[in-house]
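A.B. asks: I'd like to ask some things about the structure below.
The values are calculated or read from the model by the stated rules, or taken from the named source; none is laboratory data. Predicted model only: the values in this text are computed from it and were never measured. All Cβ positions, glycine included, derive from the backbone under ideal geometry; neighbour counts span all protein chains shown.
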Amino acid sequence: MNLVKKVALTNHCDDRGSLAVIEAGKDIPFQIKRIYYIYGTKHNLARGFHAHKTLKQLFVCVSGACTVKIDDGKTSNDIRLDSPSEGVLLDRPLWREMRNFTEDCVLLVLASEGYDESDYLRNYEEFLDYVK
Ligand code: TYD
């Protein structure tokens with residue numbers, strides 16, 4: 001089973017360059033309450049290692065590339081994010097690990113809720129128990 005939900009963003013490309021659009025409720029199935037981005041990540045380091053109970057997120061690698069591992073407790077898939085013209089939707093409790101960041105990687109994350117530590121599952125066993 002492929003857990004990766006790719007979202008093709010509308011890209012307006014002309015001879016000046018490209019403009020990608022993400023509209024809440026239209027391109028993604030949630031309202032955006034928070035935006036953050038991960039950058040300056042060392043190539044040999046990994047991040048993430050958690051899931052969310054209710055948070056929905058869209059990941060877009062707006063510069064460079066990184067690999068995201070997505071795991072639902074039964075299956076796991078790796079996806080290389082290397083294009084600012086598409087995103088990946090994480091819309092249910094999915095364990096994620098990000099690695100193999102290029103030096104210029106900027107991983108943009110749009111989130112459905114504000115930061116709430118109680119929504120995190122930071123322990124893999126706890127995550128497996130939550131999704132079973
Ligand atoms: P962390 O969850 O460790 O990042 P990653 O998923 O990439 O491994 O977050 C790093 C720090 O940033 C941690 O101290 C929590 C803080 N943080 C916020 O304060 N607000 C946020 O919206 C996010 C995503 C993280």
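A.B. asks: Answer with yes or no whether T54 is among the hydroxyl-bearing types (S, T, Y), modelled with pLDDT of 95 or more, within 13 Å of A111 (Cα to Cα) and within 17 Å of the chain's Cα centre (by Cα).
C.D. replies: yes
A.B. asks: Among the numbered conditions (1) surrounded by fewer than 16 Cβ atoms within 10 Å (Cβ to Cβ); (2) under 18 Å from R99 (Cβ atoms); (3) of a type outside the set (D, E), tell me where L3 comes up short.
C.D. replies: (1)
A.B. asks: Continuing with the same structure: Evaluate the following for F127: is it surrounded by 16 or more Cβ atoms within 10 Å (Cβ to Cβ), outside any loop (DSSP other than H, G, I, E, B) and of a type in the set (F, W, Y)?
C.D. replies: Answer is yes for this residue.
A.B. asks: Which numbered condition trips up K26, out of (1) within 16 Å of the ligand (Cβ to nearest atom); (2) at pLDDT below 95; (3) not polar (S, T, N, Q)?
C.D. replies: Every condition holds for K26 apart from (1).
A.B. asks: Quick one: which residue in K6, K33 is touching an Asp or Glu at 6+ places or on another chain (Cβ under 7 Å) and within 12 Å of the ligand (Cβ to nearest atom)?
C.D. replies: Answer to the selection: K33.
A.B. asks: Check S83 against each of (1) within 16 Å of the ligand (Cβ to nearest atom); (2) of a type in the set (S, T, Y); (3) within 14 Å of the chain's Cα centre (by Cα) and name the one condition it does not meet.
C.D. replies: Going through (1) within 16 Å of the ligand (Cβ to nearest atom); (2) of a type in the set (S, T, Y); (3) within 14 Å of the chain's Cα centre (by Cα) one by one, S83 breaks only (1).
A.B. asks: Please name all residue pairs, on different chains or six or more residues apart, with Cβ atoms under 8 Å, provided the first residue is in segment 83-100 and is among the polar types (S, T, N, Q) and the second residue is within 14 Å of the ligand (Cβ to nearest atom).
C.D. replies: Listed by first residue and then by second, the contacts come to S83/C61; N100/C66; N100/T67.
A.B. asks: Among the residues of segment 97-106, is there at least one that is aliphatic (A, V, I, L, M), touching a strand residue (DSSP E or B) at 6+ places or on another chain (Cβ under 8 Å), more than 10 Å from the ligand (Cβ to nearest atom) and under 18 Å from L3 (Cβ atoms)?
C.D. replies: no
A.B. asks: Select, from L121, L89, the only residue that is under 22 Å from M1 (Cβ atoms) and either within 14 Å of the ligand (Cβ to nearest atom) or at pLDDT below 95 (or both).
C.D. replies: After ruling out the rest, the residue left standing is L121.
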